[in-house]
Structures are given as structure tokens and as C-alpha cells.
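Below you'll find the structure, written out as C-alpha cells, and then a few comments.
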Amino acid sequence: MGFYKNHEKEILTLHLISQILGKIKLECAPKEPQWEHVILEITTRGFSTGSLKCNDIYFEIEANLADHIITIRTIDNENNIQMTDGKSIRDYYYELITVTQDLGLDITINTRPQEMKSAVPFESDTEHHHYDRETAIEVLKWFHFAKDTEMKFIAPLRNRKVHPGLFWGTFDVSCILVYNEYRPFPDDSKVIERAAFDEQMIEFGFWLGDHDFDNPTFFVLPYPFVDGEELDVTGDFPSGAYFNKRMAEYIMEIKTDVGEPDAETVLDFFHASFKEAADYLGSPDLEYNYKDLKMDDHTGD
């Protein structure tokens, strides 16, 4: 079995922890297009809300997967919640709410998970209680690899962009190139999609796997979505990459351990997918996107 199926329970528990942090950020952060304001930051030790403000108090919450604690920080205080096997999502939720209330943070969130099969509110979820230290470290290493590789790809491109971060709804590390063309989602009743997809864009992302993908997987998704056709897979694509017509996105599954993937292969996948997705959308100027930056290379200085 692949990474996801070997660690499904642990991944789901971490996913739900990220949902609690994400919903707190949703409550406190000013709105931005493509839900950019709710993305969790990938940190050296885990994932974080970043700096937020509530009741004139600045605070940050970090799920520290290296030290196996959730840390709530303000200017004057630092409180830790232990992450351990057997502790349920209900326990994490109540501990977090208790600490934030004690700090004077008046935070109220919708406690039902979003974009997950689980619909049990956090305060009632005793099913998800699986935390393994080694798995948490491996997840963190995958997130670091994904963020670093995505950043290498997107950073030099001359385009409006959403930088890599953790989209906690789907638990994927993704970045986005956005083009200034309004393309509203066709179903306004879908609250998440109508805000996520309302401009022409290409998303470049990574997730740890699911019931359809045993292993961590990179993807490239153009919007408006590809409908009824299959985009080309040219000789520029790495071996094993393909276009999934059902999902309307390019896919490259990683069937190695976290220390083995080649970042250059993923970058080749991103560049090849970008070229074909841009051609499909008919708008991005690739030559302009790739125009060199007039900066000296100080790497290693």
C-alpha cells in the first residue's frame, strides 16, 4: 500500500486539526480573492494561521508537527496543547477554544468540517484521534517539499499569483496563477466554489493521496475547467504524468519515499502542464511570464 492508505487515520486527524485552525483564520482575516486569506502557512515546524487580530489582540496558532504541540501565541503569552495519540478532535477543539477565550479572544466558528466526507462537528468528533509522531514528521517533510518546489516554479513568473500554502478544506499545498479575466462560477449556490473560481486561473498543487491515489500526488488544474476534451501530454512531460479527463487536471503521482523525489522532475511537470493549460485557456502570454528578472544570482553568497 502507498503512503496515504498506510497512514489514512493519522492524515485525517491532521486534516481536521488544520480545519479548526483554518476556520479560526476564516473568522479573523480580511477577505481576499480565491480564499487566499484563509490559507494556512507552511512553517519550519508545521502549519500556522500566521498573525491574526481579534479584540485588538494579535495572536497566532501553529500546529507544530516537529514538537507535537499546538501553540497559541500572543505578545504576552504562549500556551501549548499536546498532540498525542488517543486525543480526539473534540478534545483539541475544546482545549483550543478554552485557551483562546482565556486570552480574551472572542472567536466563534462553524464547527462542521468543510470539503470532507466527515460531517461530524468538532465538538462531537471522538472518532478521529490518531496521532503518530513519525507520520506527522513525514507529512511535514512532504509539505516542505511541495511548498519549496511550487515556490521555485511560481516565484520568477511575471504574473499575479497566490503563493504556496495549505488549503485546509482539501488539505493540499497549492499555488495559483491568476489572470485578470472575470469568469464567475456557474452555480452561485456553492459557497466555496463561487469564491474560489471566479477568475481565469491555473492552480498548481499537491496532496498526500486519497482513496483513488495511494501516493502523494502533484496536479495542475486550469479554470474555466476543461470540459469534454483531453489536453495533450507532450514529450516535455515526465514519465508517468497524464491528463485525467474526469478530474480535468494534469496528474503526477509520486511513488517514492519523501526523501527521494526529484524536484526538477516536478518542475518539468509544472512547466509542461503550464504550457498546455495556458494554450487551452488562450490567454496567458508565456513569453512574458518567462521574461528574465534583472537580478543577480546571489545563491550561495
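Data overview
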| item | result |
| --- | --- |
| Single match in 216, 164, 156, 222 (criterion: more than 12 Å from the chain's Cα centre (by Cα), open to solvent by 10 Å² or more (accessible area, probe 1.4 Å) and modelled with pLDDT of 95 or more) | 156 |
| Residues being closer than 22 Å to residue 123 by Cβ and open to solvent by 30 Å² or more (accessible area, probe 1.4 Å) - total across the range 60-86 | 6 |
| Number of the condition not met by residue 149 [criteria: (1) without any contact (Cβ under 8 Å) to a residue 40 or more places away in the chain; (2) crowded, with 19+ Cβ neighbours inside 10 Å; (3) in a helix (DSSP H, G or I)] | (1) |
| From 291, 275, residue being open to solvent by 70 Å² or more (accessible area, probe 1.4 Å) and in contact (Cβ under 8 Å) with a residue 60 or more places away in the chain | 291 |
| Residue within the range 249-268 that is without any contact (Cβ under 8 Å) to a residue 40 or more places away in the chain, open to solvent by less than 70 Å² (accessible area, probe 1.4 Å) and on the phi > 0 side of the Ramachandran plot present | no |
| Residues of the range 115-134 satisfying the condition of being in contact with a Lys or Arg (Cβ under 7 Å, 6 or more places away or on another chain) and free of Cβ contacts under 8 Å to residues at least 60 places away in the same chain | 119, 121, 123, 124, 126 |
| Qualifying residues in the range 114-143 (those that are among the small types (Gly, Ala, Ser) and surrounded by fewer than 21 Cβ atoms within 10 Å (Cβ to Cβ)) - the one farthest from residue 6 (Cα to Cα) | 124 |
| Selection within the range 65-81 - in contact with an Asp or Glu (Cβ under 6 Å, 6 or more places away or on another chain) and touching a residue at least 12 places away in the same chain (Cβ under 8 Å) | 73, 81 |
| Search result, residues across the range 42-56 that are crowded, with 16+ Cβ neighbours inside 10 Å and β-branched (Val, Ile, Thr) | 42, 43, 49 |
| Qualifying residue in the range 271-279 (condition: more than 21 Å from residue 151 (Cα to Cα) and either out of contact with any strand residue (DSSP E or B) (no Cβ under 6 Å at 6 or more places or on another chain) or not hydrophobic (A, V, I, L, M, F, W, C) (or both)) | yes |
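One line per residue, one yes/no per condition, for (1) under 23 Å from the mean Cα position of the chain (by Cα); (2) of a type in the set (Ser, Thr, Tyr); (3) over 28 Å from residue 175 (Cβ atoms):
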position: 40; (1), (2), (3): yes, no, no
position: 54; (1), (2), (3): no, no, no
position: 63; (1), (2), (3): yes, no, no
position: 86; (1), (2), (3): no, no, yes
position: 97; (1), (2), (3): no, no, yes
position: 104; (1), (2), (3): no, no, yes
position: 129; (1), (2), (3): yes, no, yes
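Each row is one residue, and each column tells you yes or no for (1) part of a helix (DSSP H, G or I); (2) surrounded by fewer than 22 Cβ atoms within 10 Å (Cβ to Cβ).
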{"position": "14", "(1), (2)": "yes, no"}
{"position": "19", "(1), (2)": "yes, no"}
{"position": "30", "(1), (2)": "no, yes"}
{"position": "36", "(1), (2)": "yes, yes"}
{"position": "58", "(1), (2)": "no, yes"}
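The values are calculated or read from the model by the stated rules, or taken from the named source; none is laboratory data. In this text the structure is predicted, and so the values were computed from the model without any measurement. Neighbour counts run over all protein chains shown; Cβ positions are idealised from the backbone, glycine included. Side chains included, ligands, DNA and RNA excluded: accessible areas come from the protein's heavy atoms. Shrake-Rupley method; radii C 1.70, N 1.55, O 1.52, S 1.80 Å.
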